[in-house]
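Since the structure comes first, as structure tokens, the remarks are kept for the end.
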Ligand SMILES: [Zn+2]
């Protein structure tokens with residue numbers, strides 16, 4: 001398939017900032033840009049804010065910088081990345097083809113630290129919850145849930161259990 005690298009820029013030559021994008025359907029992509037610039041969306045806000053702040057999409061034009069045969073969209077993103085890298089007047093918000101893996105490695109330490117903190121926070125919360133839950137044992141003792149196993153070995157509890165057992169034996173007589 002054919003891929004296109006394109007540029008969107010202001011008709012006013014004094015405004016140097018521009019946007020570089022890629023698409024496999026140039027006409028459709030331009031329609032999307034036009035639509036998006038007339039509606040407020042969360043993605044690519046740099047571009048659309050810029051367009052709105054400089055009149056409207058009617059003050060802008062687009063130009064195909066490169067038409068190229070590619071096997072996958074991924075290949076096109078790689079080419080686009082090269083265009084973006086060497087451009088100092090860019091409105092683009094993100095570098096294309098920056099996949100999850102790259103993101104992961106770039107942010108490895110931050111993510112690791114975040115996970116560690118989250119884990120610790122959860123653990124503390126769970127421990128705190130566990131330790132503060134009060135339960136009433138069948139023997140009548142009131143104790144915190146995480147002490148229950150220790151409690152089962154106490155004389156008071158064992159006496160109670162023995163008592164029940166002997167009562168059951170008695171009732172069978
Ligand atoms: Zn008990």
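Read-outs throughout are calculated quantities, based only on the coordinates presented, and are distinct from any laboratory measurement. These numbers were taken from a predicted model, which means no experiment stands behind them. Please note: Cβ atoms are built from the backbone with ideal geometry, for glycine as well, and neighbour counts cover all protein chains shown.
Just want the ordering: 141, 22, from fewest to most Cβ atoms lying within 10 Å of their own Cβ.
Ascending number of Cβ neighbours within 10 Å: 141, 22.
Between residue 71 and residue 125, what is the label-point separation in nm under the 7 Å Cα-to-beta-carbon projection?
4.7 nm
With each label point set 7 Å from Cα along the Cα-Cβ vector, what nm distance links residue 162 and residue 87?
8.6 nm
Pop a pseudo-label 7 angstrom from the Cα along the beta-carbon direction at both residue 15 and residue 78 and give the gap in nm to one decimal.
Each label point lies 7 Å from its Cα, and together they span 3.5 nm.
Fewest to most neighbouring Cβ within 10 Å: what's the order for 56, 36?
If I rank by nearby Cβ atoms, fewest first, I get 56, 36.
Within a 10 angstrom radius of the beta carbon, how do 91, 47, 127 rank from fewest other beta carbons to most?
127, 91, 47
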